[in-house]
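Contents: one structure, followed by commentary.
The values are calculated or read from the model by the stated rules, or taken from the named source; none is laboratory data. Since the structure is predicted, the reported quantities are computational estimates derived from the model, not experimental observations. All Cβ positions, glycine included, derive from the backbone under ideal geometry; neighbour counts span all protein chains shown. Surface areas here come from the heavy atoms of the whole protein model, side chains and all, with no ligands, DNA or RNA. Shrake-Rupley method; radii C 1.70, N 1.55, O 1.52, S 1.80 Å.
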Amino acid sequence: MKKLLFIILSLFIILIIIILIKTFTYPFKKINSATSQGWKFVKNDSAVQRFSGGLKIPTVSSGELGKFDYSTFDTIKEYLKTSYPLIYENTEFTEVNKYGLVFKLKGSNPSLDPILFLSHTDVVPPGDADIKDKSENIFRPDDKPMTPVSKVSEDWDFGPFSGAVANGRIYGRGAIDMKGMLFSLMESMNNLIKNKHIPQRDIYLAFGFDEEVGGQQGAAKIAEYFKSKNINFDAVYDEGGLILEKGSVAGIDSDVAVIGCAEKGFLSVKIKVKGLGGHASMPPMESAIGKAAVIMQRLEHDQMKPMITPLINQFFTNIGGSMSFVNRMGISNQWLLKPVLLSQLTKNNSTNALVRNDNRFNDDERK
Ligand SMILES: [Zn+2]
(Lines give C-alpha, C1' and ligand atoms only; values in the text may rest on other atoms or scores of the structure.)
Protein backbone atom coordinates (compact mmCIF):
# COMPACT_ATOMS: atom_id res chain seq x y z
CA MET A 1 0.00 0.00 0.00
CA LYS A 2 2.77 2.35 0.98
CA LYS A 3 4.64 1.48 -2.19
CA LEU A 4 1.62 2.27 -4.35
CA LEU A 5 1.19 5.65 -2.68
CA PHE A 6 4.84 6.35 -3.25
CA ILE A 7 4.53 5.52 -6.96
CA ILE A 8 1.47 7.71 -7.37
CA LEU A 9 3.15 10.58 -5.58
CA SER A 10 6.29 10.22 -7.68
CA LEU A 11 4.29 10.21 -10.89
CA PHE A 12 2.44 13.30 -9.73
CA ILE A 13 5.69 15.10 -9.00
CA ILE A 14 7.09 14.09 -12.38
CA LEU A 15 3.93 15.41 -14.04
CA ILE A 16 4.27 18.74 -12.25
CA ILE A 17 7.92 18.97 -13.25
CA ILE A 18 7.02 18.31 -16.89
CA ILE A 19 4.28 20.98 -16.77
CA LEU A 20 6.68 23.49 -15.24
CA ILE A 21 9.45 22.76 -17.72
CA LYS A 22 6.99 23.08 -20.60
CA THR A 23 5.71 26.38 -19.20
CA PHE A 24 9.16 27.87 -18.75
CA THR A 25 10.51 26.72 -22.08
CA TYR A 26 7.48 27.63 -24.19
CA PRO A 27 8.60 30.11 -26.87
CA PHE A 28 6.48 33.06 -25.77
CA LYS A 29 7.46 36.27 -27.54
CA LYS A 30 9.17 38.82 -25.36
CA ILE A 31 7.18 42.00 -25.14
CA ASN A 32 9.14 45.16 -24.81
CA SER A 33 7.47 47.19 -22.11
CA ALA A 34 9.07 50.38 -23.39
CA THR A 35 6.64 50.23 -26.30
CA SER A 36 3.59 50.45 -24.08
CA GLN A 37 3.98 54.03 -22.94
CA GLY A 38 0.42 54.97 -23.75
CA TRP A 39 -0.87 57.44 -26.25
CA LYS A 40 0.44 60.79 -27.14
CA PHE A 41 -2.54 62.69 -28.34
CA VAL A 42 -2.29 65.86 -30.34
CA LYS A 43 -5.64 67.54 -30.54
CA ASN A 44 -4.84 70.05 -33.21
CA ASP A 45 -2.87 67.79 -35.44
CA SER A 46 -4.01 68.55 -38.98
CA ALA A 47 -4.39 64.84 -39.79
CA VAL A 48 -6.80 64.48 -36.87
CA GLN A 49 -8.76 67.43 -38.20
CA ARG A 50 -9.01 66.01 -41.68
CA PHE A 51 -10.21 62.71 -40.22
CA SER A 52 -12.68 64.46 -37.96
CA GLY A 53 -14.03 66.37 -40.96
CA GLY A 54 -14.58 63.10 -42.80
CA LEU A 55 -16.56 61.69 -39.87
CA LYS A 56 -18.98 64.60 -40.13
CA ILE A 57 -20.19 63.46 -43.52
CA PRO A 58 -23.09 61.04 -42.90
CA THR A 59 -22.30 58.48 -45.60
CA VAL A 60 -24.83 55.99 -44.33
CA SER A 61 -25.51 52.88 -46.33
CA SER A 62 -28.87 51.45 -45.44
CA GLY A 63 -30.43 48.06 -45.95
CA GLU A 64 -32.10 48.91 -49.21
CA LEU A 65 -29.29 48.66 -51.66
CA GLY A 66 -29.00 51.57 -54.02
CA LYS A 67 -31.61 53.55 -52.13
CA PHE A 68 -29.29 55.46 -49.88
CA ASP A 69 -28.59 59.15 -50.07
CA TYR A 70 -25.81 59.44 -52.62
CA SER A 71 -25.36 63.17 -52.11
CA THR A 72 -23.32 62.43 -48.99
CA PHE A 73 -21.05 60.24 -51.10
CA ASP A 74 -20.62 63.15 -53.51
CA THR A 75 -19.68 65.24 -50.50
CA ILE A 76 -17.02 62.84 -49.27
CA LYS A 77 -15.59 62.57 -52.78
CA GLU A 78 -15.21 66.36 -52.85
CA TYR A 79 -13.91 66.41 -49.30
CA LEU A 80 -11.12 63.96 -50.10
CA LYS A 81 -10.23 65.94 -53.19
CA THR A 82 -9.85 69.19 -51.28
CA SER A 83 -8.13 67.54 -48.30
CA TYR A 84 -5.49 65.66 -50.26
CA PRO A 85 -4.75 67.58 -53.45
CA LEU A 86 -1.23 66.11 -53.63
CA ILE A 87 -2.64 62.61 -53.97
CA TYR A 88 -4.95 63.60 -56.80
CA GLU A 89 -2.08 65.32 -58.60
CA ASN A 90 0.38 62.46 -58.21
CA THR A 91 -1.61 59.27 -58.52
CA GLU A 92 -3.74 57.69 -61.19
CA PHE A 93 -7.26 58.21 -59.86
CA THR A 94 -10.23 56.19 -61.10
CA GLU A 95 -13.84 56.27 -60.09
CA VAL A 96 -15.36 52.83 -60.38
CA ASN A 97 -19.16 52.78 -60.57
CA LYS A 98 -19.18 56.49 -59.70
CA TYR A 99 -18.52 56.18 -55.95
CA GLY A 100 -15.84 53.51 -55.80
CA LEU A 101 -12.48 55.27 -55.46
CA VAL A 102 -9.21 53.80 -56.70
CA PHE A 103 -5.79 55.46 -56.40
CA LYS A 104 -2.60 54.12 -57.90
CA LEU A 105 0.79 55.42 -56.81
CA LYS A 106 3.38 54.33 -59.31
CA GLY A 107 6.35 52.47 -57.85
CA SER A 108 9.91 52.46 -59.12
CA ASN A 109 10.05 48.80 -60.11
CA PRO A 110 7.37 47.82 -62.65
CA SER A 111 8.40 44.15 -62.58
CA LEU A 112 7.01 43.72 -59.06
CA ASP A 113 3.35 43.00 -58.38
CA PRO A 114 1.51 45.89 -56.71
CA ILE A 115 -0.04 45.87 -53.26
CA LEU A 116 -3.55 46.93 -52.39
CA PHE A 117 -5.04 48.57 -49.31
CA LEU A 118 -8.81 48.59 -48.87
CA SER A 119 -11.35 50.59 -46.97
CA HIS A 120 -14.88 51.87 -47.48
CA THR A 121 -16.55 55.24 -47.22
CA ASP A 122 -19.93 54.05 -45.97
CA VAL A 123 -20.99 53.58 -42.37
CA VAL A 124 -23.88 51.78 -40.72
CA PRO A 125 -26.85 53.91 -39.57
CA PRO A 126 -26.37 55.49 -36.14
CA GLY A 127 -29.66 54.37 -34.67
CA ASP A 128 -31.78 57.09 -33.11
CA ALA A 129 -28.86 59.23 -31.97
CA ASP A 130 -28.90 61.51 -35.03
CA ILE A 131 -32.10 63.15 -33.82
CA LYS A 132 -30.28 64.82 -30.97
CA ASP A 133 -27.02 65.40 -32.77
CA LYS A 134 -25.35 68.61 -31.62
CA SER A 135 -22.52 68.32 -34.09
CA GLU A 136 -21.93 72.03 -34.75
CA ASN A 137 -20.96 72.77 -31.18
CA ILE A 138 -18.23 70.26 -30.94
CA PHE A 139 -15.54 70.37 -33.55
CA ARG A 140 -13.12 73.25 -33.58
CA PRO A 141 -10.37 73.31 -36.11
CA ASP A 142 -8.59 76.10 -34.22
CA ASP A 143 -6.64 76.10 -30.99
CA LYS A 144 -9.59 76.73 -28.76
CA PRO A 145 -10.24 74.07 -26.17
CA MET A 146 -13.18 71.79 -26.71
CA THR A 147 -16.36 72.64 -24.91
CA PRO A 148 -17.55 69.67 -22.97
CA VAL A 149 -20.88 68.60 -24.35
CA SER A 150 -23.41 66.58 -22.46
CA LYS A 151 -24.30 63.17 -23.73
CA VAL A 152 -26.46 63.46 -26.83
CA SER A 153 -28.26 60.20 -26.22
CA GLU A 154 -28.18 57.06 -24.15
CA ASP A 155 -25.71 55.43 -26.51
CA TRP A 156 -23.66 58.33 -27.76
CA ASP A 157 -21.49 60.66 -25.69
CA PHE A 158 -21.10 62.84 -28.77
CA GLY A 159 -23.09 63.01 -31.95
CA PRO A 160 -22.45 60.17 -34.39
CA PHE A 161 -21.58 62.71 -37.07
CA SER A 162 -19.89 65.22 -34.82
CA GLY A 163 -16.33 64.08 -35.42
CA ALA A 164 -15.81 65.29 -31.87
CA VAL A 165 -12.23 65.34 -30.66
CA ALA A 166 -12.42 65.07 -26.90
CA ASN A 167 -11.10 63.08 -23.97
CA GLY A 168 -8.20 61.84 -26.05
CA ARG A 169 -10.59 60.25 -28.50
CA ILE A 170 -12.22 60.90 -31.83
CA TYR A 171 -15.94 60.22 -31.83
CA GLY A 172 -18.14 59.35 -34.75
CA ARG A 173 -19.89 56.65 -36.69
CA GLY A 174 -17.26 54.99 -38.82
CA ALA A 175 -14.30 56.18 -36.73
CA ILE A 176 -13.22 52.55 -36.47
CA ASP A 177 -15.21 50.96 -39.27
CA MET A 178 -13.66 52.15 -41.60
CA LYS A 179 -12.99 55.85 -42.01
CA GLY A 180 -10.12 55.53 -39.55
CA MET A 181 -8.31 53.26 -41.95
CA LEU A 182 -9.39 55.28 -44.96
CA PHE A 183 -7.92 58.50 -43.59
CA SER A 184 -4.81 56.74 -42.29
CA LEU A 185 -4.21 55.42 -45.78
CA MET A 186 -4.75 58.82 -47.34
CA GLU A 187 -2.41 60.46 -44.81
CA SER A 188 0.24 57.81 -45.44
CA MET A 189 0.05 58.17 -49.19
CA ASN A 190 0.08 61.93 -48.85
CA ASN A 191 3.24 61.69 -46.74
CA LEU A 192 4.93 59.35 -49.20
CA ILE A 193 4.32 61.86 -51.96
CA LYS A 194 5.23 64.88 -49.85
CA ASN A 195 8.52 63.29 -48.78
CA LYS A 196 9.20 62.12 -52.31
CA HIS A 197 9.50 58.58 -51.04
CA ILE A 198 8.57 56.34 -53.92
CA PRO A 199 8.27 52.66 -52.97
CA GLN A 200 9.33 49.92 -55.37
CA ARG A 201 5.89 48.43 -55.86
CA ASP A 202 2.85 50.24 -57.18
CA ILE A 203 0.53 50.96 -54.29
CA TYR A 204 -3.21 50.91 -54.79
CA LEU A 205 -5.86 52.26 -52.46
CA ALA A 206 -9.42 51.17 -53.16
CA PHE A 207 -12.48 52.37 -51.29
CA GLY A 208 -15.94 50.87 -51.70
CA PHE A 209 -19.15 52.62 -50.69
CA ASP A 210 -21.63 49.86 -49.82
CA GLU A 211 -19.54 47.50 -47.74
CA GLU A 212 -22.01 47.47 -44.90
CA VAL A 213 -24.78 46.17 -47.16
CA GLY A 214 -22.80 43.60 -49.08
CA GLY A 215 -20.36 45.49 -51.29
CA GLN A 216 -21.97 44.48 -54.59
CA GLN A 217 -21.80 47.97 -56.10
CA GLY A 218 -18.46 48.97 -54.61
CA ALA A 219 -15.92 46.25 -53.78
CA ALA A 220 -17.32 43.77 -56.32
CA LYS A 221 -17.18 46.32 -59.13
CA ILE A 222 -13.68 47.39 -58.10
CA ALA A 223 -12.57 43.73 -58.19
CA GLU A 224 -14.05 43.44 -61.70
CA TYR A 225 -12.15 46.57 -62.68
CA PHE A 226 -8.83 45.11 -61.47
CA LYS A 227 -9.59 41.85 -63.22
CA SER A 228 -10.38 43.59 -66.49
CA LYS A 229 -7.02 45.36 -66.30
CA ASN A 230 -5.29 42.08 -65.46
CA ILE A 231 -3.85 43.42 -62.23
CA ASN A 232 -2.65 40.82 -59.74
CA PHE A 233 -1.64 41.86 -56.27
CA ASP A 234 1.29 40.68 -54.23
CA ALA A 235 -0.73 41.38 -51.09
CA VAL A 236 -4.14 42.76 -50.19
CA TYR A 237 -4.77 44.47 -46.87
CA ASP A 238 -8.37 44.76 -45.76
CA GLU A 239 -10.11 45.88 -42.59
CA GLY A 240 -9.85 43.83 -39.44
CA GLY A 241 -8.17 44.20 -36.11
CA LEU A 242 -8.09 47.07 -33.68
CA ILE A 243 -6.10 48.31 -30.77
CA LEU A 244 -7.98 46.79 -27.88
CA GLU A 245 -7.91 48.78 -24.70
CA LYS A 246 -6.38 47.41 -21.57
CA GLY A 247 -8.73 44.85 -20.09
CA SER A 248 -10.29 43.77 -23.39
CA VAL A 249 -8.14 40.69 -23.71
CA ALA A 250 -8.67 38.61 -20.61
CA GLY A 251 -5.46 38.14 -18.68
CA ILE A 252 -3.47 40.90 -20.40
CA ASP A 253 -2.79 44.03 -18.48
CA SER A 254 -2.14 46.39 -21.41
CA ASP A 255 -3.49 47.51 -24.76
CA VAL A 256 -3.29 44.83 -27.41
CA ALA A 257 -3.01 45.56 -31.12
CA VAL A 258 -4.72 42.70 -32.90
CA ILE A 259 -4.10 42.01 -36.54
CA GLY A 260 -6.85 40.22 -38.42
CA CYS A 261 -5.23 37.38 -40.36
CA ALA A 262 -8.34 35.42 -41.19
CA GLU A 263 -12.04 36.00 -41.42
CA LYS A 264 -14.77 33.80 -40.04
CA GLY A 265 -17.27 32.58 -42.56
CA PHE A 266 -20.97 33.06 -42.05
CA LEU A 267 -24.20 31.45 -43.02
CA SER A 268 -27.56 33.18 -43.30
CA VAL A 269 -30.53 30.89 -43.01
CA LYS A 270 -34.19 31.65 -43.49
CA ILE A 271 -36.46 29.37 -41.52
CA LYS A 272 -40.17 29.19 -42.27
CA VAL A 273 -42.44 27.62 -39.72
CA LYS A 274 -46.09 26.95 -40.45
CA GLY A 275 -48.70 26.56 -37.78
CA LEU A 276 -52.45 26.49 -37.39
CA GLY A 277 -54.41 29.69 -37.07
CA GLY A 278 -57.04 30.18 -34.44
CA HIS A 279 -58.49 32.54 -31.90
CA ALA A 280 -56.26 33.75 -29.09
CA SER A 281 -58.75 32.36 -26.60
CA MET A 282 -58.22 28.84 -27.96
CA PRO A 283 -54.59 28.64 -29.10
CA PRO A 284 -53.34 25.40 -30.68
CA MET A 285 -51.31 23.11 -28.46
CA GLU A 286 -48.25 23.80 -30.57
CA SER A 287 -47.98 27.24 -32.20
CA ALA A 288 -45.69 28.24 -35.03
CA ILE A 289 -43.75 30.46 -32.63
CA GLY A 290 -43.33 27.58 -30.23
CA LYS A 291 -41.91 25.40 -33.00
CA ALA A 292 -39.59 28.18 -34.15
CA ALA A 293 -38.39 28.63 -30.58
CA VAL A 294 -37.41 24.97 -30.40
CA ILE A 295 -35.41 25.36 -33.63
CA MET A 296 -33.67 28.47 -32.32
CA GLN A 297 -32.85 26.77 -29.06
CA ARG A 298 -31.30 23.81 -30.85
CA LEU A 299 -29.24 26.11 -33.06
CA GLU A 300 -27.99 27.98 -30.04
CA HIS A 301 -27.25 24.78 -28.20
CA ASP A 302 -25.41 22.93 -30.98
CA GLN A 303 -22.40 25.21 -31.31
CA MET A 304 -19.30 24.36 -33.29
CA LYS A 305 -16.94 22.32 -31.21
CA PRO A 306 -14.42 24.65 -29.53
CA MET A 307 -10.87 24.24 -30.74
CA ILE A 308 -7.60 26.07 -30.82
CA THR A 309 -6.57 26.71 -34.39
CA PRO A 310 -2.94 27.23 -35.39
CA LEU A 311 -3.66 30.95 -35.80
CA ILE A 312 -5.03 31.25 -32.28
CA ASN A 313 -2.01 29.40 -31.00
CA GLN A 314 0.21 31.91 -32.70
CA PHE A 315 -1.74 34.68 -31.02
CA PHE A 316 -1.09 33.04 -27.66
CA THR A 317 2.58 32.69 -28.43
CA ASN A 318 2.75 36.38 -29.22
CA ILE A 319 0.85 37.75 -26.25
CA GLY A 320 1.01 34.90 -23.73
CA GLY A 321 4.31 36.20 -22.37
CA SER A 322 2.44 38.95 -20.56
CA MET A 323 -0.26 36.68 -19.20
CA SER A 324 -0.45 35.25 -15.71
CA PHE A 325 1.46 32.12 -14.80
CA VAL A 326 -1.68 29.99 -14.73
CA ASN A 327 -2.66 31.08 -18.25
CA ARG A 328 0.86 30.48 -19.51
CA MET A 329 0.76 27.04 -17.98
CA GLY A 330 -2.47 26.28 -19.84
CA ILE A 331 -1.12 27.54 -23.15
CA SER A 332 2.14 25.66 -22.96
CA ASN A 333 0.59 22.41 -21.76
CA GLN A 334 -2.28 21.96 -24.15
CA TRP A 335 -1.49 18.24 -24.38
CA LEU A 336 -2.95 18.02 -20.88
CA LEU A 337 -4.77 21.24 -20.10
CA LYS A 338 -6.51 22.05 -23.38
CA PRO A 339 -9.99 21.39 -21.94
CA VAL A 340 -9.27 23.81 -19.09
CA LEU A 341 -7.97 26.43 -21.50
CA LEU A 342 -10.99 26.02 -23.77
CA SER A 343 -13.41 26.27 -20.88
CA GLN A 344 -11.79 29.58 -19.94
CA LEU A 345 -11.93 30.90 -23.50
CA THR A 346 -15.56 29.93 -24.07
CA LYS A 347 -16.65 31.96 -21.05
CA ASN A 348 -16.18 35.25 -22.88
CA ASN A 349 -18.13 36.20 -26.04
CA SER A 350 -15.19 37.40 -28.08
CA THR A 351 -12.79 34.63 -27.12
CA ASN A 352 -15.61 32.12 -27.52
CA ALA A 353 -16.01 33.30 -31.11
CA LEU A 354 -12.30 32.78 -31.66
CA VAL A 355 -12.44 29.11 -30.75
CA ARG A 356 -15.70 28.13 -32.42
CA ASN A 357 -14.80 27.20 -35.92
CA ASP A 358 -15.95 24.84 -38.56
CA ASN A 359 -13.34 22.12 -38.26
CA ARG A 360 -13.51 21.29 -41.95
CA PHE A 361 -11.29 24.28 -42.50
CA ASN A 362 -8.80 23.39 -39.85
CA ASP A 363 -5.87 21.36 -41.07
CA ASP A 364 -4.62 20.56 -37.60
CA GLU A 365 -7.80 18.95 -36.42
CA ARG A 366 -8.26 17.01 -39.62
CA LYS A 367 -5.01 15.10 -39.21
ZN1 LIG B 1 -16.31 47.76 -42.43
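Descriptive notes on the structure:
- Note on PHE93 and ASN352: the model spin-label points, each 7 Å out from Cα along the C-beta direction, lie 4.7 nm apart.
- Our note on the geometry: Cα centres of region 56-95 and region 252-281, 31 Å apart.
- Within the chain, the selection of entire DSSP H helices by a Cα span of 27 Å or greater along the long axis and an average Kyte-Doolittle value of at least 1.6 returns 2-25.
- Residues listed by number, region 250-272, amide nitrogen under 16 Å from ASP302 label point at 7 Å toward C-beta: 267-272
- Hydrodynamic estimate: the Kirkwood radius of the chain over Cα pairs, inserted into Stokes-Einstein at 20 °C and 1.002 mPa s, corresponds to D of 86 µm²/s.
- With all protein chains in place and ligands, DNA and RNA left out, the 1.4 Å accessible area ranks LYS221, LYS196, LYS67 as LYS196, LYS67, LYS221, largest first.
- Estimated distance in nm for a label pair at ALA280 and VAL294, the labels positioned 7 Å out from Cα along Cα-to-Cβ: 2.5
- Per-residue accessible area (protein heavy atoms, 1.4 Å probe) orders MET285, MET1, MET186 as MET285, MET1, MET186, starting from the largest.
- For the peptides 259-272, 94-107, the ranking by packing is 94-107, 259-272, with the highest mean count of neighbouring Cβ atoms within 10 Å listed first.
- Distance distribution P(r), region 268-366, all Cα-Cα pairs, bin width 5 angstrom from 0: 2, 10, 16, 18, 12, 9, 7, 7, 7, 5, 4, 3, 1 percent.
- Burial order of peptide ranges 19-28, 225-234, 110-119, 199-208 (average beta-carbon count within 10 Å, highest first): 199-208, 110-119, 19-28, 225-234
- Dipole axis of the chain (+1 Lys, Arg; -1 Asp, Glu on Cβ), positive-most option in THR91, GLY251, GLY218: GLY251
- Relative contact order, whole percent, for the chain stands at 20, derived from Cα pairs under 8 Å and 6 or more residues apart.
- Virtual spin-label span in nm between SER287 and TYR237, 7 Å along Cα→Cβ: 5.4
- Overall, the chain carries a charge dipole of about 1400 debye about its Cα centre when +1 sits on the Cβ of Lys and Arg and -1 on the Cβ of Asp and Glu, all other atoms neutral.
- If the chain linking LEU267 and THR75 were pulled fully straight, counting 0.36 nm for each residue of separation and taking away their Cα-Cα distance, it would gain 65.6 nm.
- Placed amide H near TYR237: partners under 5 Å, 5+ positions off or other chain: LEU116, PHE117, LEU118
- Which of GLY159, ASN318, GLY174, positive extreme of dipole for the chain (C-beta unit charges): ASN318
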